[in-house]
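Everything below concerns the one structure shown next.
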Amino acid sequence: MSKYHLKCNFKEKLIEIDISRFFGGFLDKSFTPYFLQDSNEPLTGADLESNFDVLPVYMQVKVSEGLKTITKQPGSKRKNRSKLEDIREFRDTLNLDYADDYFLFFSLRKMAKNAIDFQHNILMSYTNTGFSHAFYVAPLSIDKKEYEKSLFNRNNYIHTSPFYFHRYELRDINWTSHFGFIPFLRNHISIIPHTKVNTHEHSYAYSKSGIDVTWHSPEYISNEPSRLSDTMGYIFQNFEQRKENINIKQLANRLREMPIMQKTDFNSDNPWEIVRTHGNILAKDYNIKQLIFLKQKK
């Protein structure tokens, strides 16, 4: 490995499990984490359709890797040098990481054997739909011990779940800003895929503080905070403000029309089974996590 490339010492699956557990987590008095498991007997379709709004969120989990800045490790001029050198040089020309030893990045994944498209393009198909949100999620750290500190920080668990703040349940718009202060969420970046690709040879790069996102092409994407805490706060705030959200039956009808469902012979009129099957295909073929949040109607 090159002198400027810093590898992550933990796996994507660990991050995916931790994020899923976090959103369903609770603690006992000793602050030992326990986690809710997926139920094989969820609420009936009728209950969900009449009593709940649903919010689908699609996440592609990535591990972050590090690249030392040009000021810390001079670039190479070799003809066959790595494309990672281009990322370093581009960010150096923009003077984005002058105060840091290194910045973070992740690369896109190759198209899987049974896939109908690149993982990136599939994830992007769930953005700007009017009914769902989709983005990459990656830790703002490359060390397992540092990452786990944020998961087991007491401030993550002020009450029995991430959806409570002191005695207030996070059903009201005034309290959705609480997401912005949760250490675990603040320690992840979230990046919405912004353009389709015809090759996997692209990367997103970003600072250790979760800003200054770049795309290599190259392109400067944003200098706004892009942490998972910022994204989830925004998503739930909009979810609370919208007067017309979808129910489970409407979501199932939308998902049935998604491209990945066209290659399956699955046939059911049960909305929850449609959503479950859709999520299973995404997880198996594209390693994309489907999270369904429920909000009881007032």
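Assorted remarks:
- Ordering 192, 274 by accessible surface, largest first, gives 192, 274; the 1.4 Å probe counts only protein heavy atoms, with every chain in place.
- When both the range 209-269 and the range 76-96 are represented by their alpha-carbon centers, they are found 32 Å apart.
- Excluding same-chain neighbours fewer than eight residues apart, the lysines reachable from residue 145 by a Cα-Cα span under 19 Å are 7, 11, 13, 62, 208.
- The range 218-298: Lys pairs at Cα distance under 16 angstrom, eight or more positions apart or on different chains: 6
- Each other residue within a Cβ distance under 13 Å of residue 104 adds +1 if Lys or Arg and -1 if Asp or Glu, for a net charge of 0.
- Checking every one of the trypsin sites (Lys or Arg not before Pro) in the range 188-271 against DSSP loop status and a limit of 13 other Cβ atoms within 10 Å picks out 196, 242, 243, 263.
- Loop trypsin sites (Lys or Arg not before Pro), the range 101-143, which have at most 12 other Cβ atoms in a 10 Å radius of their Cβ (DSSP): 110, 113
- Cα gyration tensor, the range 175-298 - rounded (a/c under 1.5), prolate or oblate: oblate
- Put 285, 86, 269 in order of accessible area, highest first, and with a 1.4 Å probe you get 269, 86, 285.
The values are calculated or read from the model by the stated rules, or taken from the named source; none is laboratory data. All values derive from a computational prediction rather than experimental measurement. Note: ideal-geometry Cβ built from the backbone for every residue, glycine included; neighbour counts use all protein chains shown. The protein model used for the area step is the full one, side chains on, heavy atoms only, and it has no ligands, DNA or RNA in it. Shrake-Rupley method; radii C 1.70, N 1.55, O 1.52, S 1.80 Å.
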